[in-house]
Amino acid sequence: MADSAVHDIQSVYEPSLFGTYSKKIGMWLFLLSDSLTFGALLYAYSYGRISTEGWPTPFHSESIVNATIMTAFLLTSSLTMVLAVRASVHGDAKGQRLWLLATMLCGTGFIVLHGREWSNLIAEGLTLPMFPKVPGREAASEFVNVSKTVPQFGATFFGLTGMHMLHVTLGVIYLGVVALRRKFIPILLVLWLVAWLATPAYSPFHYGAHVLLIGAIVCSIILWLKPKLYDSSDVEVAGLYWHFVDLVWMFIFPLVYLMSAKIL
Amino acid sequence: MDTIQIAIAERVAEQHRHHGKALFFWVWGALLLMTAIEVYLTYQNMQPGKMLTILLGLSLVKAALIIGYFMHLKYEVSSMKWLTMCSVVACLILMTIFFFPDAFRILYLGVK
């Protein structure tokens, strides 16, 4: 029966309206809804920008170079992701795992560089009221007045890029589970401890690192409730999520960074 | 997955097997090239309105390449393409309707 279904689909059932399996349609629907979340955040940022005089342009050449490298990391991760999907449909388990790990590495590189960018801006006074104060840097900070006179910038910038960074982090965890399954949980816990202990107490990443702990707990529950071998359809669906994260950055990078560059 | 879902997934995987690696490398190269053009334009101190138009145009092309080739939508059936693209574009147009009256203020505010 299974063989006849594989080789003679037409005779067994009426084909799906969308020509693909339900898991993939489900991911597409999720991505559509998520695109509206990012659409709303991008509109909020753009609206704030055009309706506020004295909008800051805090991104020096160093920031632009940093953001360009981040973009290259994400674009390369998309390439390694399609190569992982390609390896999976060819039944190349080793290649699939290696390309997924390469994708995770690029994603982690993006997060680290983005974290560095945030830390530099926060150290220069561009912050949110909810972030702890950086000790000893208040007086000399370049953007200390920006946070007071144009608070919309910090709110929309950190809201938009923070939401994207969260998506990238969750994407890395997702790919880790698909690539390594249970073996990824202890790795994730080690990463959580390193991120938590290596960041100073005033850094938002000190608390943000707990996303990794929450991720480890959720993934443990999922893997315990439904242990399975992930096949090519799972890799493809994970790839859709990853490419979406890359896609969103293609709008954040020019609208937020390049349009607010301060090139001397 | 049940038998039918496995059968569909197998058919989709079969479609993927026909795609060569070279195409993905070309798309990746094009995306990197367009990013380099965007960064180059940033260093040219262009007028903001013109800059925004070019950057958004390039972003839309990059988005189309990612959706079409990396997300494989180019190879999906028409109903899938129309469902996904029409729904998201319709929602973004609704957002733009609220945004539009103020959209051209950027030309007069002289945002640097």
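Each reported figure results from applying straightforward, stated rules to the coordinates on display, with no laboratory input. None of these values were measured; they are calculated from a predicted model. FYI the Cβ positions are ideal-geometry reconstructions off the backbone, even for glycines, and counts take in every protein chain you see.
Observations, loosely collected:
- Look at where the Cα atoms of region A:212-253 and of region A:42-64 average out, and the two centres are 31 Å apart.
- Given charges at beta-carbon only (K, R positive; D, E negative), |dipole| of chain A in Debye: 560
- Across the options A:Val168, B:His72, A:Leu188, the greatest Cα extent toward the positive end of the charge dipole of the protein assembly as shown (unit charges at beta carbon of Lys, Arg, Asp, Glu) belongs to A:Leu188.
- Across region B:53-62, rounded Karplus estimates of 3J(HN,Hα) from the backbone phi angles (6.51 cos²θ - 1.76 cosθ + 1.60, θ = phi - 60°) give 4, 5, 4, 5, x, 5, 4, 5, 5, 4 Hz, Gly and Pro being marked x.
- Only Cα pairs under 8 Å and 6+ residues apart enter the sum, and on that basis the relative contact order of chain A stands at 29 percent.
- Lys, Arg +1 and Asp, Glu -1 on Cβ, resulting dipole of region B:21-109 about Cα centre, debye, nearest 20: 140
- Two-site FRET efficiency, B:Met46 against A:Leu113, from Cβ-Cβ distance with R₀ of 25 Å, rounded to 0.05: 0.45
- Listed residues A:Leu101, A:Leu17, A:Leu229, most fluctuating in chain A (Gaussian network, C-alpha, under 10 Å): A:Leu17
- Pairs of lysines in chain A whose Cα atoms sit within less than 23 Å of one another amount to 11, provided the residues are eight or more positions apart or on different chains.
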